[in-house]
Amino acid sequence: MKRFRVNQQEIVFAVFALLFLVFSIFLNGFLTADNMLTLLQNVAVLGILGLAMAIVVIGRGIDISLIAALAVPPGLVLQMVQNGHSLPTSLLTAVLLTIAFGLVNGWLIAYAEVPSLFATLATGLLLAGLGQAALFQLDVVQWSPGMNGFERLGQGTVLGIPTSIWMFAIACIVVAFLLRQTRWGAYIYAIGDNPYAARVTGIPSRPIIVLQYVITALIGCFAGLVLAASVNSMPTRIFNSTLIYDVILVVVLGGIGLSGGRGGVLNVIIGTLLIGTMLNGMTIMDISYAGQNLIKGVVLLLAVITDSFLNPRNEETAQQGDI
Amino acid sequence: MRDTLTSLRYRYWPDHLLGEILSKRWTETAIPVILLLIVGFAFSRSIDNFLSPASLADTARQAGEIGFIALGLALVVIVGGIDLSVGSIFALTDFCALYLLDVLGWPVPAVVVATLLCGATLGAVNGILVGYLRLRAFITTLITLIIYRSAYDLLIQRYSNAIASAFPDIPSWDFIGAGSVFGIPTVALAYIVIAIFGHIFMTRLRPGWHITAIGGSRRSAYNSGIPVRRTIALCYVASGVLTSIGALFFASRLGTVGGDIGVGLEVIVLTATVLGGITLGGGKGSVAKSAVGVLIVLLITNGLTTMNARGGVNRMALAGILLVAAMVDIRWQKNRTRIISKVYVAPTYHELPPPPPTEIGQGGPFEQNDKLRDVEAIGLGRIEAPEDVILDRHDNLYAGSRHGDIMRFLAPDYQTMEVFAHIGGQPLGMAFDREDNLYVCIGGMGLYRIKPDGSVEKATDETNRSMRSVNDDSRLRLADDLDITDDGLIFFSEATVRYEMDEWPIDGLEARGNGRIISYDTKTGTTRTELRGLKFPNGICVASDGQSILFAETFGCSIKRYWFAGPKKGAVEMVMDNLPGYPDNINLASDGNYWLALVGMRSPSLDLAWKMPGFRRRMAKRVPVDEWLFPNINTGCVVKFNEQGKIVESFWDLHGENHPMITSMREHRGYLYLGGILNNRIGRYKLENADPNFVQYDKRWGKQS
């Protein structure tokens, strides 16, 4: 069992390779240069979101409000520019909103001790509702001339590779540096591994948890900007989609256990590739949206079951009411 | 002047009620109910016809449907999980019912049964995953939410036209959806029936207790043999079934399978559940809380819809309420005991005049001496905490011990010690009746009877509940001392109704009349509260006239007389007030006078503090318990007083070695036997000029051995 656990990412990678191979052989139009670029472009945003989710999951939390952070602040940027504000002002406002949102999440989880799933479920609704009620005029916020130039964040290529993939790469490097090279990263792992031990060791658990959610929200906002730039608009109804489950799939399939303290950026990359291949294959096979959701749901369920066997919950540190 | 004001304020303002109300479990339901009233009132003022019969009936139908789902979720939350898939189960079972009825043309009863089965199956999937495979409830039901929802989407793509084009005209089906009995909609009636059953199930039946136990502590429940996994799984099944009941009513009312049915329903139901006060994480909740939560949420969402709020506002309101309610609930659960312990102690004003002098050279009846210096010690180091001592007709000595035993020292030398009877609670006052049964007041347990052969029987442990008390005062918390009248009526004191035995000094800090005197009739077996509002009533002794009892009020520093028979029946009269110490047990002396133990002496600091309730309350809030100012019980004395309340003699142990504190004393054949609740010995003091043949209960019951 222990050996198996060590090799989890390799297994996922093998599954990815197999799936890729099967799709290449049996699916027309899968293994074409165009499709590969589309695939990578599509998964770039998902991958960035996966990185954001990875940070909180490693710290034994979860952030369901990530899609709200993806949709609302970037949507606000587009809306403000549309209304005649300058791009830097709008960006600054959006970043401040994101930080405030992350602080609220973190405070609720770290200080008010609301379970993370529950808190972020509610704050996500709150932020999405705020966007719907007060910020946006239409569900899809359109690109406006004031944004020109900004679309390069998500469109075009650098050295022949689409920009969005570069953005994913940059995000990977930043998160990897944060998790592996800084003291804060080590703290996050410690908190995820055993929150009580971390706390008695003298790690400032609560501020670090708040920090996690602020960083996650910021990365989510970044992903939203990349998304908006690549499609030239911000479809804010994305909050109602099942994107969040894709993100959780990426993290869980990649091998970052939901019980915290394990995994890293590499797991996110592997998970992203697998999910990206799967989604792309299903799209080529012309499976309906609902059918895709059904398949994703079942795969996620299997992944969570497997995860619960591979990374069993630590009964010593699991909290009563840790739902 | 200021003292008068303070005394009036503390006399008439019931400070002690706050802590008592907060420690009641119904306060947690009362808060959402108050919120419901406020919300209802606010909307009825701002929206016309908000409370009109038509509008109410409409709300009742919705409330019934959502109420069923909320009941299921409440069950799952109480068992310690969560079920987010209810919205999708609702949609799927709604589809199931309409498909069977409209497309396959099944009869209504079959549709009902099949729909319930469908709900049970969907719930069982959750149940197996969460209960047996022990997955995280939140994430698992989040996934089944999306799986069920996609299945529903796929199904309605194929069948929505067929369902939409069918117009079934079945009276029984319409009755389910739109009928009413006596003006109450069917769904509301069904909800009420099931809610009442649910209440009985959760509070009176074994499975309901199992559910609460598992939610409270899964591991303890497992260790005590409760089938944890099966119970959890069944809760999810029940949640599925209850959701499908809601869906049945919904299907028969509207008959549609729109794409957005049940979307976001889980958030509404979850908000209702948390708002009602059902604790996330399990172990606490009730049907009433669930119902109140549903009503509040429905009033708010309906009110907002009527006021034409945008969709986002509704969403924000729900999420905001959900967060605030969850936060309040979590903080309250965490700090509940701390908050209650802070506000529970409610000191009151208690003024005593300066005490009579006790110092040597000052004269007076309490003048200190050293008579008890050389008393003989019985059972030294072998007995612990003999609060009361008593001797039987054969001169054997009995005393209670801290370990819950009645110990017996055998006459004549009192060297042999044996356990006479094991009771399990700390024995306090003791008395013999005519048949040589030993009646004992047991702290925390009540009044017990020990037969001469050592067998233990409960005499009484409850009295009539007083209507004005918030705390349930029917149980005896601290029965203290007793005596038996010639007619077989037992009067015993209960020192306090607000504190447990180990917290008795806090009652002294409060100095409120929390105690009472209760009578137990040995002939009829009835218990009755005789007097209440006494300041820590303690020692009791039937007076020589046979018509009254003398009782000590420890923190009232007084001895009073209560007539239970004769011309002055029912009257209470002061015998001695302003004692220099805290009186404890009273017993008969051979010369017709009474012995009284002073367990501790008053100190100027506590006397002053008793006049400053605010000071004591601040102390109780801000200072740890072991630093509080408590009544001194380190030094005391024994005094003898006569029928008129005059002190005849006093006995002290100035060195504080043998008997620094004395809670009880008995005269027997020329000796005085001394007990103290903190002592490790029983004292035996040779009395001069005492009747060498005096045996207390022989004298009382008129027999000689």
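The values are calculated or read from the model by the stated rules, or taken from the named source; none is laboratory data. None of the values given here were measured: they were computed from a predicted structure. Glycine gets a Cβ as well: all are built from the backbone with ideal geometry, and neighbour counts include every protein chain shown.
Within region B:304-340, being away from every other protein chain (no Cβ under 12 Å) and modelled with pLDDT under 80 holds for B:T305, B:T306, B:M307, B:N308. The numbered conditions (1) in a loop (DSSP other than H, G, I, E, B); (2) touching a residue at least 40 places away in the same chain (Cβ under 8 Å) are all true for B:P692 except (2). Within region B:165-187, residues that are over 20 Å from B:A247 (Cβ atoms) sit with their Cβ atoms under 6 Å from residues that are surrounded by 13 or more Cβ atoms within 10 Å (Cβ to Cβ), at 6+ positions apart or across chains, in these pairs: B:V181/B:L189.
When each of B:D653, B:D607, B:D584 is tested for being at pLDDT below 90 and surrounded by 15 or more Cβ atoms within 10 Å (Cβ to Cβ), the lone residue that passes is B:D653.
Would you please name the residue that is nearest to B:L295 (Cα to Cα), looking only at residues in region B:204-219 that are within 14 Å of chain A (Cβ to nearest Cβ) and either of a type outside the set (V, I, T) or not in a helix (DSSP H, G or I) (or both)?
Applying the first criterion (within 14 Å of chain A (Cβ to nearest Cβ)) to region B:204-219 yields B:212-219.
Add one more test, that the residue is either of a type outside the set (V, I, T) or not in a helix (DSSP H, G or I) (or both), and what stays is B:213, B:215-219.
Numbers: B:A213: 27, B:G215: 25, B:G216: 26, B:S217: 30, B:R218: 31, B:R219: 34 Å.
Out of the qualifying residues, it is B:G215.
In region B:572-585, of all residues being over 32 Å from the mean Cα position of the chain (by Cα) and not charged (D, E, K, R), the one that is nearest to B:P505 (Cα to Cα) corresponds to B:G581.
Note on region A:135-182: residues that are more than 20 Å from A:N232 (Cα to Cα) and surrounded by 12 or more Cβ atoms within 10 Å (Cβ to Cβ) total 11.
Considering region B:364-383 alone, what residues qualify as being of a type in the set (G, A, S) and either surrounded by 14 or more Cβ atoms within 10 Å (Cβ to Cβ) or outside the structural domain of B:L598 (by TED's automatic domain parsing) (or both)? Those that are of a type in the set (G, A, S) and either surrounded by 14 or more Cβ atoms within 10 Å (Cβ to Cβ) or outside the structural domain of B:L598 (by TED's automatic domain parsing) (or both): B:G364, B:A377, B:G379. Checked against (1) more than 10 Å from chain A (Cβ to nearest Cβ); (2) of a type outside the set (F, W, Y); (3) more than 21 Å from B:V241 (Cα to Cα); (4) in contact (Cβ under 8 Å) with a residue 40 or more places away in the chain, B:R158 passes all but a single condition, namely (4). Report whether or not B:T524 is outside any strand (DSSP E or B) and modelled with pLDDT of 90 or more. Criteria met by B:T524. Considering region B:121-148, and only residues there that are away from chain A (no Cβ under 14 Å) and surrounded by fewer than 22 Cβ atoms within 10 Å (Cβ to Cβ), the residue that is nearest to the chain's Cα centre (by Cα) turns out to be B:A124.
Tell me the residue from B:F250, B:F201 that is among the aromatic types (F, W, Y), surrounded by 19 or more Cβ atoms within 10 Å (Cβ to Cβ) and more than 14 Å from every other protein chain (Cβ to nearest Cβ), please.
Step by step, each of B:F250, B:F201 is checked, and only B:F250 is among the aromatic types (F, W, Y), surrounded by 19 or more Cβ atoms within 10 Å (Cβ to Cβ) and more than 14 Å from every other protein chain (Cβ to nearest Cβ).
Restricting attention to region B:114-158, the residues being assigned to a helix (DSSP H, G or I) and among the basic types (K, R) number 2. For region B:1-20, a tally of residues being surrounded by 16 or more Cβ atoms within 10 Å (Cβ to Cβ), within 19 Å of the chain's Cα centre (by Cα) and either over 19 Å from B:M612 (Cβ atoms) or β-branched (V, I, T) (or both) returns 2.
A residue that is over 30 Å from B:L104 (Cβ atoms), of a type in the set (D, E, K, R), without any contact (Cβ under 8 Å) to a residue 40 or more places away in the chain and surrounded by fewer than 18 Cβ atoms within 10 Å (Cβ to Cβ) can be found somewhere in region B:218-230.
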